[in-house]
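Quick note: the coordinates plus some simple rules give every number you see, no bench work behind them. Owing to the predicted nature of the structure, the values given are computational and were not obtained by experimental measurement. Using ideal geometry, Cβ is built from the backbone for each residue, glycine included, and neighbour counts are taken over all protein chains shown.
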Amino acid sequence: MNLDADDFTLLGLPRAFALDRAKLDAAWKALQARVHPDRFAAEGAAAQRVAMQWAVRVNEAHQRLKDPLKRAAYLCQLAGVAVNAESNTAMPGDFLMQQMTWREALDEVGNAAEAQSLLDEVSAERRERLARVTRLLDVDGNAAEASQEVRALMFIDRLSDEIDTRLERYEDQA
């Protein structure tokens, strides 16, 4: 095993956006069982420190690969196209218009049913964009376009969280 291996190689999985979650979890559990520091208790402090490094690295890989947006951003990075969501906010014009429409709709939401309807619409867009990311990364090998989709999905996730918060407020008032 190599600490510097990419997450997919480390976990023995194909380098692809479309991952079988059960296989990912099984690979993580198997590797964690091999590197857990408790297995090295009899070998001294140095061996336990190395095992701890491995356990942390395996957990980091699992956390990154189980989250679709983190996995997509990681695949883009591996392909030499960093998402840079903090500094690169470039989005297609149609998506910028969609963002404005959703923001206005959220501002105008007056009850739980309207908030749920908006959340359903945003969730449907999320599913479509995730499907697009799958095609762009796994079929087309187009990390540049996929990185734009990842940035759009990050916005969608933040908006979904805001809508969820609004829904919770309506539920608390009921």
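How would segment 72-139 be classified by its alpha-carbon gyration tensor: rounded, prolate or oblate, with rounded meaning a/c under 1.5 and the a/b versus b/c comparison settling the rest? The shape class here is prolate. Taking a ≥ b ≥ c as the square roots of the eigenvalues of the Cα gyration tensor, the chain is prolate, since a/c reaches 1.5 or more and a/b is larger than b/c. Summary of packing: across the peptides 38-51, 68-81, the per-residue average of other C-beta atoms within 10 Å ranks them, highest first, as 68-81, 38-51.
Tell me the net charge near Asp140. Cut-off is 13 Å between Cβ atoms, Asp140 excluded, with +1 for each Lys or Arg and -1 for each Asp or Glu.
Values: positive: Arg132, Arg135; negative: Asp138, Glu145, Glu149.
Here the charged neighbours net out to -1.
Using the empirical formula 2.2 N^0.38 Å as the baseline, the Cα radius of gyration of segment 43-110 reaches a ratio of 1.84.
Rounded if a/c is under 1.5, else prolate if a/b is larger than b/c, else oblate: which is segment 7-66, with a ≥ b ≥ c the root eigenvalues of its Cα gyration tensor?
On the way: a/c = 3.34, a/b = 2.53, b/c = 1.32.
Note, shape of segment 7-66 comes out prolate.
Where Lys and Arg each count +1 and Asp and Glu each count -1, what net charge lies around Asp107 among other residues with Cβ under 13 Å from its Cβ?
After counting each charged neighbour, the total is -2.
Between the Cα long axis of helix 45-66 and the first principal axis of the chain there is an angle of about 30°, rounded to the nearest 10. The long axis of helix 143-173 is offset from the longest Cα principal axis of the chain by roughly 70 degrees. The long axis of helix 68-78 is offset from the longest Cα principal axis of the chain by roughly 60 degrees.
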